[in-house]
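Shown next, in structure tokens, is the structure this report addresses.
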Amino acid sequence: MVALKNITIKEPVFTLGEKLTAEQLEFFETYGYIHFKNFLNKETVPVIIKALEDVQERWISENREKVNGVPIKYGVDLNGKKIVQRFAFASLFSAVLHELLKDPRLKALYPLLQTTDERIGEFEKDGLVVNHYINSDTSKFTQMGWHTDCLRDIFYGKKIAPMLNVGIHLDDYDPKNGGLRIIPGTHKQDLFDLLFKKKYYVSHKPDPDEIGFNITAGDLTVHDGRSWHRVERSPITGEASRRRVMYIPFIGGEYQPKDENSSTQLYQRLSKFVR
């Protein structure tokens, strides 16, 4: 149970089929997030991880620094081996990841956007993003400060368009081990709060209204792009702190694909300082 001002939320257990139920639609409309269990089965998760490792190996061998203008965040693993800690447009380098985005159940999420031109932004925003958090003395990516995903529209000088961030989680963790935090209901905030409620990426202070998630590898979460969220650093170190999450942008509005000539935005340049 989580208290949200005068509301008490009991984390429901949902399953994603090929069509959302009325209960699921109502929950998301009220709170701006939803959590589906076992989107990927236990046999599929290691296949996805292997595909990511293949992309990682390719990028390291190529000394690649950016994809479509988006910087790649490198770090080192527990054994000192170089790894990618933030991927962008990962599905453009892997047939396995590209096919994952065609799963028909993902289209069931389209009604949450409440627009008529909904799509998966495989070639837009930052494409399929993968965050690989590991807590060690040498890791360069252990947490992420408070932010909303729709801020990037403002950086591009665009009107805020409908957006969902769909996360597919590849490791088990519970709220005690850090991970995703969301403030339910903030998807309905006004523009002032969207811009100034928190210090973007700088503030990591827990919010009394935030919630965490009990995640099993293969689970899927969805949050509205206007919702305030962060990633809490794991209080433990080593292998048990590892958290890998793929984020798929679901968007509407004008089609704005990126390519290798796309520019790097200021907020993307600053991302290298996020630890």
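Residues that are hydrophobic (A, V, I, L, M, F, W, C) and without any contact (Cβ under 8 Å) to a residue 24 or more places away in the chain within region 96-132 are absent altogether.
Contact map, region 245-262: first residue farther than 13 Å from residue 112 by Cβ and of a type in the set (D, E, K, R), second residue part of a strand (DSSP E or B) and at pLDDT 95 or above, Cβ cut-off under 9 Å, separation 6 or more or different chains; pairs are 258/67; 258/70; 260/66; 260/67. Looking across region 133-157, the residues that are farther than 26 Å from residue 241 by Cβ and touching a residue at least 60 places away in the same chain (Cβ under 8 Å) come down to 150, 151, 152, 155, 156.
Do we find a residue being touching a residue at least 12 places away in the same chain (Cβ under 8 Å), more than 18 Å from residue 131 (Cβ to Cβ) and small (Gly, Ala, Ser) anywhere in region 58-80? Yes, some residue in region 58-80 is touching a residue at least 12 places away in the same chain (Cβ under 8 Å), more than 18 Å from residue 131 (Cβ to Cβ) and small (Gly, Ala, Ser). Residues that are over 17 Å from residue 129 (Cβ atoms) and charged (D, E, K, R) were ranked within region 27-53; the one that is surrounded by the fewest Cβ atoms within 10 Å (Cβ to Cβ) is 43. Residues in region 232-247 that are within 21 Å of residue 97 (Cβ to Cβ) and out of contact with any helix residue (DSSP H, G or I) (no Cβ under 9 Å at 6 or more places or on another chain): 242, 245, 247. Total residues in region 14-51 satisfying the condition of being assigned to a helix (DSSP H, G or I) and of a type in the set (Asp, Glu): the figure is 3. Figure legend. Inter-residue proximity from region 181-204: first residues closer than 10 Å to residue 226 by Cβ, second residues acidic (Asp, Glu) and assigned to a strand (DSSP E or B), beta-carbon distance below 7 Å, spacing 6+ or different chains. Indicated pairs: 187/224.
The values are calculated or read from the model by the stated rules, or taken from the named source; none is laboratory data. If you're wondering where the values come from, they're calculated on a predicted model, not measured in any experiment. Glycine also receives a Cβ, built like all others from the backbone with ideal geometry; neighbour counts cover every protein chain displayed.
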